[in-house]
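Quick one: the structure is below, questions incoming.
The values are calculated or read from the model by the stated rules, or taken from the named source; none is laboratory data. If you're wondering where the values come from, they're calculated on a predicted model, not measured in any experiment. Heads up, the Cβs are rebuilt from the backbone with ideal geometry, glycines too, and the neighbour counts pull from every protein chain shown. The accessibility values were calculated without ligands, DNA or RNA, using every heavy atom of the protein model including side chains. Shrake-Rupley method; radii C 1.70, N 1.55, O 1.52, S 1.80 Å.
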Amino acid sequence: MYFDTHTHLDDERFDDDRDTVVQKMRDARVSLAVNIGSDMKTSRKSIEIAKAYDGIYAAVGVHPHAAEEMTDEDITALAQMAKGPKVVAIGEIGLDYYYDNSPRELQKKWFQRQIELAKELDLPYVVHDRDAHADCMEIIKKSGYFRGVMHCYSGSCEMARELLELGFYISFAGPVTFKNGRKAKEAAIYVPMERLLIETDSPYLTPEPYRGQRNDSSHVQYVAKEIAALKGLTIEETARITRENGKCFFGID
Ligand code: NI
């Protein structure tokens with residue numbers, strides 16, 4: 001039984017066949033998933049999806065792409081939303097200097113503020129970091145609150161070591177299965193099994209052998225398969241351990 005710790009089932013690419021995708025996911029023995037919000041609208045949708053489907057939980061938060069439009073009222077609204085029964089984390093939040101869709105100063109401001117929010121609410125948080133490693137680490141360290149996961153990990157083993165020392169979990173997605181995913185593979189070998197999570201980030205980042213097609217949670221098995229091969233474990237063991245880690249991190253019984 002697998003746990004896909006990061007999916008965007010709210011994405012409009014699933015609007016026509018969401019029920020079918022959830023059935024496909026269950027058929028592939030993926031019994032738990034966290035649907036991740038990326039702005040106010042998708043955070044609300046995330047909660048609706050969690051209400052609609054057993055085993056699917058919600059995270060609410062504003063992605064750095066949408067930082068420019070974020071307001072103090074949004075923080076109040078997120079705090080309210082996070083009190084819902086199946087809301088298990090704040091996310092995804094962070095910095096994205098690859099696309100730079102929002103000014104960096106605003107990305108940093110709202111990343112920091114949302115970590116504080118997670119702390120105030122006693123919830124874990126889900127971090128998106130693209131080409132912003134140094135600033136990301138600085139903000140995390142300054143926050144003093146380390147119940148986080150670095151999602152779709154693409155950094156170095158050195159940065160992984162720092163994150164692990166703080167108490168972070170590290171999550172791997174489709175890129176770890178790519179032939180040119182050397183860095184992710186090295187990091188996956190490095191991260192101890194008890195701090196490792198798996199995810200799809202669907203509909204993005206489709207793993208091999210389905211690269212190029214729309215991704216969905218049923219494909220988390222290919223991430224597990226790659227981690228198992230890198231760690232010298234069976235797929236069953238990998239599925240079981242990452243599922244337990246996910247339940248522990250998100251506080252799901
Ligand atoms: Ni994501």
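Taking amide H positions as placed in the peptide plane 1.01 Å from N, state which residues far from ALA132 in sequence (5 or more) or on other chains have amide H under 5 Å from it.
Amide H neighbours of ALA132: TYR97.
Which of the residue pairs LYS51/LYS231; LYS83/LYS108; LYS41/LYS83 have a Cα-Cα distance greater than 27 Å in the structure shown?
Cα-Cα > 27 Å for LYS51/LYS231; rest within.
Charges at C-beta only: +1 for Lys and Arg, -1 for Asp and Glu. How large is the resulting dipole of the chain about its Cα centre, in Debye rounded to 20?
640
Okay, next question. What lysines sit close enough to LYS179 to cross-link, taking a C-alpha to C-alpha distance under 16 Å and skipping anything fewer than 8 places away on the same chain?
LYS225
Let me ask you something else. On a C-alpha basis, how far is the centre of segment 143-187 from the centre of segment 208-253 in Å? Whole number, if you could?
15
Given H placed 1.01 Å from N in the peptide plane, which residues other than close sequence neighbours of HIS6 have an amide H under 5 Å from its amide H?
Here the answer is VAL34, THR200, ASP201, since their amide H atoms fall under 5 Å of that of HIS6.
Sticking with this structure for a sec: Sort 93-104, 122-133, 28-39 by packing, meaning the average of other beta carbons within 10 Å per residue, with the highest value first.
Ranked by mean Cβ neighbours within 10 Å, highest first: 28-39, 122-133, 93-104.
Right, something else. Per residue, what accessible area does segment 2-250 have, given a 1.4 Å probe and all protein chains present, in Å²?
That works out to 43 Å² per residue.
Is it possible to state the helix-based mean residue ellipticity at 222 nm for the chain, with each DSSP H run of 4+ residues giving -39500 (n - 2.57), the sum divided by total residues, to the nearest 500 deg cm²/dmol? What is it?
Dividing the helical sum by the residues of the chain leaves -13500 deg cm²/dmol.
Now for a different question. Once neighbouring chains are kept in place and the probe is 1.4 Å, which whole percent of the accessible area of segment 150-248 is contributed by carbon and sulfur?
51
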